[in-house]
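Quick notes on the structure that follows.
A short reminder: the numbers here are calculations on the coordinates, not readings from a lab. On a predicted model such as this, the values are computed, not experimentally measured, just so you know. Don't worry about glycine lacking a Cβ; one is built from the backbone with ideal geometry, like all the others, and counts go over all protein chains shown.
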Amino acid sequence: MRALVDLDRRWIFLVVFILLAIVVIWPLNLPVRVTPMTQGIYNYIENLPAGSVLWLGLDYGPSVAGELNPQLTAVVEHAFRKNLRIITYTMWQTQGTIGRNIIDKLLKEYKKEYGTDWVDLGFKPGGITNLRLMTSSLKEAAAGVDYQGKSLDEFPLTREVKALDKPYVAFIIDFPAGTPGAAEYLAIVTEVKGVPMGVGQIQMSVADSMQFVHSGQYKGMIPGLRGAAEYEKLIGKPGTAVRAMDGQTLAAGFVGLLIVLGNVIYFSTRGR
Amino acid sequence: MSTDVGVWLQVICTIGVLTYLYKENWFWRIFEYAIVAGYTGYSLAYGYHNYIKPFIGEKMIKEGQWSFLIPLILGILLYARFVSGWGWLGRYAMAYMIGYGAGYTLGFDIKPLLGQIRASFISLTSINNIILWLFIVTSLAYFFFTVSKEAPAMKGLSTVGKWAVMIALGASFGNTILYRYNLLYPRMKLLFNTWLGLGG
Amino acid sequence: MRKELPTIICILMAVVVVVSMYFYVPNEKWKLMDMFDNWYNLLYYLAMGLGLINLTRIHVMAVVKRRPNWVYSIWLVLFMWAYFILAMIQTVDGPQADWVFQNFLTPIDSTVFALLAFYITSASFRAFRARTLEATLMLLTAFIVLLGTSPLGDLIIPGWTTAKDWILSVPNTGGQRGIQIGIYLGGLAAALRVMLGLERAYLGGAR
């Protein structure tokens, strides 16, 4: 048994690789149950009147796109169905074109129009200072232009929305991979201006965001990839996240087994 | 199998990084250095086009908002560190940024903190609320270093607090395991579905 | 000039934010904080040029002095400047610059982050032991959350997800809030030290 613990860890790496390859090629498609947290944020969007402005903070880079892209896809799809209008803004320059490509595709699918139903402010540097500037004046903070350098005055949506503030913006959802992200939105926008917010959280930060959901400071949270899968189920369009739950199933099964096995070995060889 | 050059490049990068699992090697290092180089070049070019050019070129010079001269001078002073004996000039810019950052913390972090404190005053009428309240109070006691932990009341409180913190860390750890697999899954999809065309 | 003036600037800037936050008077014409925000943003990018120069200096020196791994330093400097110049000419959204970002930088970044899945698996097997009561509590919580978040938990015992949700929203929230309040207080204390001029580490370094 001891030999098992002293095993070269590269064997474990190999097993992980092979097991993941198997579920990627032959999907398991296990059922996912919707939990109250995801339902909460879904209901909030569901109850927004048509035409309301939804502000999406795309504060992540490519490293966590695997988790947050499916969340963003599901939320934008839901918003377009409800005829909400969207403004996107990122404080992460590594966001690049990640979110834009997703929304662009859905824009065409739902026959919406850029400028009327969606404006992408793109990345603007400065982090929290620029976020605060957004609450004062969108034009000032975005240097007057959207991601492609076109004047915000050209678009009906940004002609109407003057700032990241009430009454222009009805709801904020931030998708953060770290700082700056949801904590900054909470401190600078929601607590000061009173615009309600929710968060599309990466799995790693789910546990430490719970207290903000409990306090009502976040109106809801989409918890990681599992949350994305639940959201896909809620909008009736199971997609990448539901598929990717196979990775989680494997993680839970294999790592869970290793934890148990490791402890069995530890206790059975402890006295010797 | 994919015939897209972009996909092939993505696959080479993915495999290159994965080779690190076997051991550190020359192939991995190419990508390790590339990411540092790439992001630095990217950030600076982005900053120039989206900030330096519109603010200095448009707002300052064309529109005559000469107040931007102040941050411009402060910014240039940062480069004094490359001139021997004049490096201290860069402190002005640092002082501006650090002072402003500290002001932000003092100005904006109190309200979220108060929100957390306010939400901790809950009616102790359900077992869930009692557990929640107990864990909030005791975990705070655990981090309270100005009173000796030897006092019996503090000892008891901080022991329960330690359990609360351990449960919180356990929940974070469980989620972190899943998080890492969530990130690995798309890489495997790239290798097997997109590139090799297997399953999917 | 060398120490006093930077300290005064630092204190003044902190006071400006705090005063405008707590004694805020809406005024369309006099948007002092907007101006200071813009200054900060501009400074941030002017400072980034330091990174390019420093990286170039360090790696050129590594090549000149034939330090270990100097060959990679050549690659770093060449690629950094090539990509920088390309993105300067066509902006980072330009066709070639974006292609490099999507197909070269993105997969490297994503895979580096994904590598930890392998290490965390191996660590769970080797180091995650129920040695003490505290370790056992941590281990059990992690185990319940792990299986409860994946679809597997409900398959093994129906209602496992509900147990996971309870742990996350009750005991976990209690513990996390204690940690979070501590973080807030620590941050505020550190910021207060800066505003009072007690913390002057940023003056160090360059002489």
Fill in: Partner chain coverage, peptide A:97-110 - average Cβ within 10 angstrom
1
Fill in: Cα-based Rg / Dmax (Å) for chain A
21.2, 77
Worksheet item: Past the 27 Å Cα-Cα mark, which pairs from B:Lys23/B:Lys162; A:Lys219/B:Lys189; A:Lys162/B:Lys62; A:Lys139/A:Lys237; A:Lys108/B:Lys62; B:Lys59/B:Lys111?
Response: B:Lys23/B:Lys162; A:Lys219/B:Lys189; A:Lys139/A:Lys237; A:Lys108/B:Lys62; B:Lys59/B:Lys111
Worksheet entry | Gyration tensor verdict on the protein assembly as shown (Cα atoms; rounded if a/c is under 1.5, prolate if a/b is larger than b/c, oblate otherwise) | rounded
Worksheet item: Which whole number gives the average, over all residues in A:151-159, of C-beta atoms from other chains lying within 10 Å of the residue C-beta?
Response: 0
Practice prompt. Check the straight Cα-Cα distances from A:Lys111 and name the aspartates and glutamates below 19 Å, setting aside those fewer than 8 residues away within the same chain.
Written response: A:Glu77, A:Asp120
Worksheet item: Which ordering of A:His78, B:His49, C:His59 is given by a fewest-first count of other beta-carbon atoms within 10 Å?
Response: B:His49, A:His78, C:His59
Item to complete: Compute the distance in nm between two label points, each set 7 Å from the Cα along the Cα-to-Cβ direction, one at A:Trp26 and one at A:Tyr110.
Response: 3.9 nm
Practice prompt. Using just the helices of the protein assembly as shown, give the 222 nm mean residue ellipticity in deg cm²/dmol: DSSP H runs with n ≥ 4 each add -39,500 (n - 2.57), and the total is spread over all residues, rounded to 500.
Written response: -19500 deg cm²/dmol
Worksheet item: Taking neighbour counts of Cβ atoms within 10 Å as a proxy for exposure, in what order, fewest first, do C:Cys10, B:Cys13 appear?
Response: B:Cys13, C:Cys10
Practice prompt. Hey, could you get me the Stokes-Einstein D for the range C:128-173, Kirkwood radius over alpha-carbon pairs, 10 °C and 1.306 mPa s, rounded to whole µm² s⁻¹?
Written response: 146 µm²/s
Item to complete: Could you tally the net charge around B:Tyr92, taking each other residue with its Cβ under 14 Å from the Cβ of B:Tyr92, Lys/Arg +1 and Asp/Glu -1?
Response: +4
Worksheet entry | Sites C:Ala163 and B:Lys149, calculated FRET efficiency, Cβ-Cβ separation with R0 25 Å, nearest 0.05 | 0.15
Worksheet, complete the sentence: Once Lys and Arg are counted +1 and Asp and Glu -1 for all other residues with Cβ under 12 Å from that of A:Pro180, the total becomes -1
Worksheet item: Between A:Glu160 and B:Ile117, how many nm apart are label points set 7 Å from Cα along the C-beta direction?
Response: 4.1 nm
Response to the item:
Here the FRET efficiency for C:Ala201 versus B:Met1, based on Cβ atoms and R0 = 51 Å and rounded to 0.05, is 0.35
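Rounded to the nearest 0.05, what FRET efficiency is calculated for B:Ile127 and C:Arg193 with R0 set to 51 Å and r the Cβ-Cβ distance?
Between B:Ile127 and C:Arg193 the formula returns 0.75.
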Worksheet item: So who's got an amide H within less than 5 Å of the one on A:Gly198, skipping anything under 5 residues away but keeping other chains? H placed 1.01 Å off N, in plane.
Response: A:Ile172, A:Ile173, A:Asp174, A:Lys219
Worksheet item: Around A:Tyr168, with a cut-off of 12 angstrom between Cβ atoms, what is the net charge of the other residues, counting Lys and Arg +1 and Asp and Glu -1?
Response: +3
Worksheet item: Is the range B:62-186 best put as rounded, prolate or oblate by its Cα gyration tensor, with a ≥ b ≥ c the root eigenvalues, rounded for a/c under 1.5, and otherwise prolate when a/b is larger than b/c, oblate when not?
Response: prolate
Worksheet item: Which whole number gives the average, over all residues in B:123-136, of C-beta atoms from other chains lying within 10 Å of the residue C-beta?
Response: 3
Worksheet, complete the sentence: chain A, Gaussian network, Cα under 10 Å: of A:Ala252, A:Ala79, A:Ala183, the residue fluctuating most is A:Ala252
Worksheet entry | Among B:100-108, B:138-146, A:196-204, the order from most to least packed when residues are scored by Cβ within 10 Å on average | A:196-204, B:100-108, B:138-146
Worksheet, complete the sentence: Taking a crude spin-label model, label points 7 Å out from Cα along the C-beta direction, the C:Lys65 to B:Asn25 distance in nm is 3.1 nm
Item to complete: Assign one of three labels to the range A:191-272, namely rounded, prolate or oblate, based on the Cα gyration tensor with a ≥ b ≥ c the square roots of its eigenvalues; rounded applies when a/c is under 1.5, prolate when it is not and a/b is larger than b/c, and oblate otherwise.
Response: oblate
